[in-house]
Amino acid sequence: MQNIRIFRVLALAILILLPQALHAQVNGLNVGDELPYFKARADNGKIWKSRQVVGKKNLVVYFYPAAMTGGCTKQACAYRDAREDLSAVDAEVIGISGDRVENLELFKRANMLNFTLLSDPDGQLAAMFGVPTTAGEKSIEREVDGKLYSLKRELTSARWTFIINKEGRVIYKSTEVDAAEDSKAVLEVLSKQKS
């Protein structure tokens, strides 16, 4: 009898939670949705976990196609340069791409980026957020500090931006991002939230 009760409770929990999980997997995240927990390898090689930020700060999550490319560098440098303003609205920024960790480390070093970059080589994070991706190996060569590097990736994501508030809810989603102006758009949204 006890086993039947346990089974019923577990079945009910699955019926309640499964639709939410499937919604995020199929449709991605939309304004009002709760951010599911996630983790990924960061540019420093360590595992970054969303629960380290969610509930404490606003979280800006931006997906970009590729490290060390024109638009992506403009976007990243704009976030770098807006660090003080972002701190004033209690926001932490993370950039996510299909790049390998070593590409991210080089991108961060070459552009003196002051925020975390996450590697999503298999597209799991992009799928969770609903960000479109294109599979297929791509490679670019870039010179940094007088040395030529070949940066390879197996996945290219679209350029989308999300803001998650301190309560863990998506309050902003942009699927038509202007790379150079993205940080300004994010600051405008967060400034209105603060006032």
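Got a number for residues in the range 128-144 being modelled with pLDDT of 95 or more and either more than 11 Å from the chain's Cα centre (by Cα) or over 20 Å from Lys49 (Cβ atoms) (or both)? Before you say what the answer is, go through the steps one by one.
We begin by selecting, within the range 128-144, every residue modelled with pLDDT of 95 or more; these are 128-133.
Now narrow it down to the ones that are either more than 11 Å from the chain's Cα centre (by Cα) or over 20 Å from Lys49 (Cβ atoms) (or both): 130, 132-133.
Residues that pass the stated criteria total 3.
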Can you tell which of Val9, Val31, Val26, Val101 is among the hydrophobic types (A, V, I, L, M, F, W, C), more than 30 Å from Glu188 (Cβ to Cβ), at pLDDT 95 or above and surrounded by fewer than 19 Cβ atoms within 10 Å (Cβ to Cβ)? Val101
Just give me the residues in the range 176-195 being of a type in the set (Gly, Ala, Ser) and either touching a residue at least 12 places away in the same chain (Cβ under 8 Å) or part of a helix (DSSP H, G or I) (or both), in sequence order. Ala179, Ala180, Ser183, Ala185, Ser191
Filter the range 61-73 for residues that are touching a helix residue (DSSP H, G or I) at 6+ places or on another chain (Cβ under 7 Å) and either surrounded by fewer than 17 Cβ atoms within 10 Å (Cβ to Cβ) or among the polar types (S, T, N, Q) (or both); which is farthest from Phe107 (Cα to Cα)? Gly71
Restricting attention to the range 37-47, does a residue exist that is at pLDDT 95 or above, within 13 Å of the chain's Cα centre (by Cα), among the aliphatic types (A, V, I, L, M) and assigned to a helix (DSSP H, G or I)? no
Provide a single number: the residues in the range 113-129 that are surrounded by 24 or more Cβ atoms within 10 Å (Cβ to Cβ) and either within 20 Å of Gly70 (Cβ to Cβ) or in contact with a Cys (Cβ under 9 Å, 6 or more places away or on another chain) (or both). 1
Kindly indicate whether any position in the range 91-112 is within 24 Å of Gly45 (Cβ to Cβ), part of a strand (DSSP E or B), hydroxyl-bearing (Ser, Thr, Tyr) and touching a Cys at 6+ places or on another chain (Cβ under 9 Å). yes
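Can you tell me how many residues in the range 55-88 are outside any loop (DSSP other than H, G, I, E, B) and either of a type in the set (Asp, Glu) or under 23 Å from Pro121 (Cα atoms) (or both)? Steps first, please.
If we filter the range 55-88 for residues that are outside any loop (DSSP other than H, G, I, E, B), which is where we start, we get 57-63, 70-81, 83-88.
After this cut, where a residue has to be either of a type in the set (Asp, Glu) or under 23 Å from Pro121 (Cα atoms) (or both) as well, the list is 59-63, 70-77, 79, 81, 84-85.
So the count comes out to 17.
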In this structure, is Ala185 within 20 Å of Ala91 (Cα to Cα) and surrounded by fewer than 19 Cβ atoms within 10 Å (Cβ to Cβ)? yes
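Count, please, the residues in the range 73-93 that happen to be closer than 21 Å to Lys56 by Cα and in contact with a Ser or Thr (Cβ under 7 Å, 6 or more places away or on another chain). Walk me through how you get there before you give the answer.
Of all residues in the range 73-93, those closer than 21 Å to Lys56 by Cα come to 79-80, 82-93.
Now restrict to residues that are in contact with a Ser or Thr (Cβ under 7 Å, 6 or more places away or on another chain): 79, 82, 89.
Summing the residues that are closer than 21 Å to Lys56 by Cα and in contact with a Ser or Thr (Cβ under 7 Å, 6 or more places away or on another chain) in the range 73-93 gives 3.
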Of all residues in the range 125-154, which are more than 24 Å from Ser183 (Cβ to Cβ), in contact (Cβ under 8 Å) with a residue 12 or more places away in the chain and aliphatic (A, V, I, L, M)? Ala127, Ala135
Tell me, please, whether a residue that is among the charged types (D, E, K, R), at pLDDT 95 or above and within 15 Å of the chain's Cα centre (by Cα) can be found in the range 74-83. no
Within the range 161-170, track down each residue that is crowded, with 17+ Cβ neighbours inside 10 Å and either assigned to a helix (DSSP H, G or I) or at negative phi (or both). Thr161, Phe162, Ile163, Ile164, Asn165, Val170
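The values are calculated or read from the model by the stated rules, or taken from the named source; none is laboratory data. Worth saying up front: this structure is predicted, and the values here are computed from it rather than measured. Note that we place each Cβ from the backbone using ideal geometry, even for glycine, and neighbour counts take in every protein chain shown.
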